[in-house]
Amino acid sequence: MFPWNVEVLVWLDGRLCVEVVGMAQGPTQSGHLQKADWAVVERFALDKDFPNHQLVIRPQDLDDPRLIKGIAGQACPACSKPGYWTTKHIGGLPCGVCKQPTRTYMSQEWACVSCTHRHVERRTDRSFAERQHCERCNR
Ligand SMILES: [Zn+2]
Ligand SMILES: [Zn+2]
């Protein structure tokens with residue numbers, strides 16, 4: 001089912017659920033996890049030797065533009081350990097037409113796998129959501 005490699009895959013459902021599929025080198029290190037609790041996901045990632053193995057995070061929808069590849073984490077600004085990465089997308093980006101908040105993410109939360117440091121960063125690539133993602137305009 002999965003290719004044999006040294007990659008670890010992490011799948012995120014964009015809403016409340018988080019699904020994680022992990023695989024490292026060799027069959028004994030493969031794992032699967034479906035949890036909404038991020039602490040469990042973090043433990044899982046560490047267990048799979050993150051950040052030494054790279055992670056891929058994406059929502060279950062393959063066409064979702066939030067696909068993030070090759071996350072090795074960056075150094076945590078608080079403790080300087082690697083593994084500071086995006087853990088959460090927070091919706092509410094206003095619709096470009098009606099300016100009402102949509103489910104398209106407006107900011108993302110970064111968190112450290114080693115300590116409790118985290119921060120929220122507003123996305124800079126766009127200010128408004130596409131009209132087709134607006135519940136109000138598509139009613
Ligand atoms: Zn830290
Ligand atoms: Zn709208």
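The values are calculated or read from the model by the stated rules, or taken from the named source; none is laboratory data. On a predicted model such as this, the values are computed, not experimentally measured, just so you know. Note that we place each Cβ from the backbone using ideal geometry, even for glycine, and neighbour counts take in every protein chain shown.
When Val120, Val113 are checked against the criterion of being in contact with a Gly (Cβ under 8 Å, 6 or more places away or on another chain) and modelled with pLDDT under 95, a single residue qualifies: Val113.
Looking only at region 89-129, which residues are out of contact with any strand residue (DSSP E or B) (no Cβ under 8 Å at 6 or more places or on another chain) and either closer than 13 Å to Pro77 by Cβ or basic (Lys, Arg) (or both)? Within region 89-129, Lys99, Cys115, Thr116, Arg126 qualify. Based on what the data block shows, is Ile68 away from ligand 2 (no atom under 16 Å from the Cβ) and modelled with pLDDT of 90 or more? In short, no.
Can Trp85 be described as surrounded by 14 or more Cβ atoms within 10 Å (Cβ to Cβ) and modelled with pLDDT under 85? It is true that Trp85 is surrounded by 14 or more Cβ atoms within 10 Å (Cβ to Cβ) and modelled with pLDDT under 85.
Looking only at region 90-120, residues that are among the charged types (D, E, K, R) and more than 16 Å from ligand 1 (Cβ to nearest atom) come to 2 in all.
Checked against (1) touching a Pro at 6+ places or on another chain (Cβ under 8 Å); (2) surrounded by 15 or more Cβ atoms within 10 Å (Cβ to Cβ); (3) closer than 20 Å to Leu46 by Cβ, Ala129 passes all but a single condition, namely (3).
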